[in-house]
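Inspection log for the structure reproduced underneath, given as structure tokens.
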Amino acid sequence: MVKLPPFQALLDEHAPDLQRFLVASIGPHDGADAFQDTVISALRAYPRLRSDENLRGWLFTIAHRKVIDRARRVARHAVPVADTPEVAHVDRDGSGDDELWASVRALPPKQRSAVLQRYLLDRPYGEIAVALGCSEDAARQNVRAGLRRLREEVPA
């Protein structure tokens with residue numbers, strides 16, 4: 001039998017980074033919704049976990065999949081043109097570069113997630129690989145490709 005910490009303790013430890021990751025990935029409004037979805041999914045699955053290793057990676061895997069689900073959902077829906085789009089404002093770190101954050105959010109989901117986890121959350125490549133469900137080399141390649149694309153699109 002696996003001895004898991006109380007779910008609230010796990011959430012208290014990792015919620016700030018999860019929320020930062022989700023807000024940076026998909027904006028403040030959708031990031032908050034994705035955070036709630038992540039917590040609910042994790043809470044439902046928590047009693048069935050068979051290992052207590054890398055619970056942080058497990059939470060980020062769920063969060064990453066919520067970001068992908070949202071991207072798929074948005075791609076299937078028409079965007080109304082009569083309304084002005086919501087402008088996301090992400091300046092919690094004081095970075096304030098709207099063009100950069102817009103370019104980060106425009107990256108393909110795996111590249112976006114890998115870049116954010118590496119540079120926003122300072123996660124090692126091994127943990128990023130677990131969250132993305134790929135090898136460590138593939139995680140490195142996703143970071144490298146995302147950075148290359150950002151360097152091409154965002155002026156220095």
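The values are calculated or read from the model by the stated rules, or taken from the named source; none is laboratory data. Every value quoted in this text rests on a predicted model; they were computed, and no experiment measured them. Cβ coordinates were reconstructed from backbone atoms using ideal geometry, including for glycine residues, and neighbour counts include every protein chain displayed. Surface areas here come from the heavy atoms of the whole protein model, side chains and all, with no ligands, DNA or RNA. Shrake-Rupley method; radii C 1.70, N 1.55, O 1.52, S 1.80 Å.
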Q) Okay, helix-only estimate at 222 nm for the chain: each DSSP H run of n ≥ 4 adds -39500 (n - 2.57), divide by all residues, round to 500 deg cm²/dmol; what do you get? A) -21500 deg cm²/dmol
(Q) For the pair K3/E152, report the inter-label distance in nm, with labels modelled 7 Å from Cα in the Cβ direction. (A) 5.2
Q | Which of Y119, Y125, Y46 is most accessible, then next, and so on - probe 1.4 Å | A | Y119, Y125, Y46
(Q) Need one value: the accessible area of V130 in square angstrom, 1.4 angstrom probe, rounded to the nearest 10. (A) 70
Q) What's the angle, to the nearest 10 degrees (0 to 90), between helix 28-45's Cα axis and the longest principal axis of the chain? A) 20
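If exposed means no more than 16 neighbouring beta carbons inside 10 Å and the site is in a DSSP loop, what's the longest run of the chain without any exposed trypsin sites (Lys or Arg not before Pro)?
93-156
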Q.
Nothing charged except the Cβ atoms of Lys and Arg (+1) and of Asp and Glu (-1): what's the magnitude of the dipole of the chain about its Cα centre? Round to the nearest 20 debye.
A. 700
(Q) Can you tell me the length gained on complete extension of the stretch A45 to D122, counting 0.36 nm per residue apart and subtracting the Cα distance? (A) 25.1 nm
Q. Quick one: Cα centre-to-centre distance for the stretch 116-156 and the stretch 35-49, in angstrom?
A. 25
Q. Accessible area per residue, 1.4 Å probe, Å², for the stretch 1-74: what's the number?
A. 56
